[in-house]
Amino acid sequence: MLKDRRKLLLGIVITLMAAFFVVRHYDRVRQNVAQRDYIQYWAAGQFLTHGGDPYDAQNVLELEWEQGYAADRPLVVRTPPWSLPLFIPLGLVNAFWGWVLWMTASVAALIASVRLTWKIFGKTQQSRSLCVVIGYTFAPVLGCLLAAQIGLLLLVGIVLFLVWEEKRPFLAGAALLLPFAKPHLLVFFWLALLIWVIARKKIAVAEGFLVAVASATGIALLIDHAAFQHYFRFLHTAAIENEFIPTVSGVLRLLLFRPYFRLQFVPMAFGLIWSVWYCVKHRANWDWRDHGLAVMVVSILTTPYGWLTDEVVLMPAMVFAAVAILGGKKKIRVTTRIGLGIFAVLNWILLVLLALHIPLQLGLYFWSSLLWFAWYLYGRLEMGARGNRHPELVAAIS
């Protein structure tokens, strides 16, 4: 009880310090808010609550300019209409207090994700330490917080699904509404979900997911009857194919066949072939805390459109790999230490780039998904090399 009181006191002190800083530097923080990705979510919320098209680039840009946004290129939400209800609360307040609300939700999602991931992979002190270290130093986490991006909400949806899918299947399906805000990120995850639902007859999960998506879509259409028309018109005029996307597929296209946008989907095609084979092979013993993480990692690696901040959904997979590599070991081999050092240094480089405010649009971040893939693969190989899984992972994925 004393320990809990100390944690509560520490949380209150940190909250008061943060509040004091924000109030003291209100004008500077307010100006800075308009330069973050968050401003697109606030603008969408304003149009939704006051009547308007949240996908109208010109009107969105003018509203963002009024808040101090400095660029000529509008920041418009590119998520489908069923994600729009997430932004409605932001339309009830000004841009500054909307940012406070958004950051509060993001930090809460991060803390919940870290704690629940610890619950997934065993409640030992070692797994807790790994969850804390990886959860709060994982480069995409800092990227989400700096840009005030939506990634941490996607992450908590994935983690809740992993926690609930066995005992609370309806809620598990409903939680997937959050990552479905960006369905293109985890294409193979959705494919695996479809195969799993059909093969295992997981009707409750499907019902929860469909009810959540239908409800969110219904709310969006009640507010904006032409939401889908506005969305598809925006996608048509946005000319995304002319943008450089800092992913593996984007860099391959840039280096080899820049004029041909469809070639950006080639890595995804190979990923699709592997994913179908993998899902069919493991359909009888499929476990989301094991096999599900693998398809997520491959989805992020091969996606034709994504950012470093989106890769935060792989946090559970990074913890899984860390537990597989370090769990139960009293003595760490030299090769393992070298591997840990390489991963830590490369993750640190990403953190430095973010801290220096190097734009995400630059190609300096394209290799991040390769790093997460390599770390996860190393964890799988280490787990296989020991012949049997660590007890914590056995408990988590059995």
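The values are calculated or read from the model by the stated rules, or taken from the named source; none is laboratory data. Because the structure is a prediction, the values reported are computed rather than measured. Positions of Cβ are backbone-derived with ideal geometry, glycine not excepted, and every protein chain shown enters the neighbour counts. Side chains included, ligands, DNA and RNA excluded: accessible areas come from the protein's heavy atoms. Shrake-Rupley method; radii C 1.70, N 1.55, O 1.52, S 1.80 Å.
Please enumerate the residues belonging to region 225-235 that are over 12 Å from Val77 (Cβ atoms), in contact (Cβ under 8 Å) with a residue 40 or more places away in the chain and either open to solvent by less than 70 Å² (accessible area, probe 1.4 Å) or part of a loop (DSSP other than H, G, I, E, B) (or both). Selection gives Ala226, Phe228.
Hey, can you tell me all the residues within region 71-88 that are surrounded by 15 or more Cβ atoms within 10 Å (Cβ to Cβ) and of a type outside the set (A, V, I, L, M, F, W, C)? Residues satisfying the conditions are Pro74, Arg78, Thr79, Pro80, Pro81, Ser83, Pro85.
State yes or no: is Leu263 closer than 16 Å to Tyr55 by Cα and of a type outside the set (Lys, Arg)? In short, no. Against the conditions (1) without any contact (Cβ under 8 Å) to a residue 60 or more places away in the chain; (2) not in a helix (DSSP H, G or I), Trp286 satisfies every one except (1).
The single condition among (1) at pLDDT 85 or above; (2) surrounded by fewer than 21 Cβ atoms within 10 Å (Cβ to Cβ); (3) part of a loop (DSSP other than H, G, I, E, B) that Ala344 does not satisfy is (3). Selection within region 54-70: residues that are open to solvent by 40 Å² or more (accessible area, probe 1.4 Å) and either in a loop (DSSP other than H, G, I, E, B) or among the β-branched types (Val, Ile, Thr) (or both). The member of this set that is farthest from Tyr231 (Cα to Cα) is Ala70.
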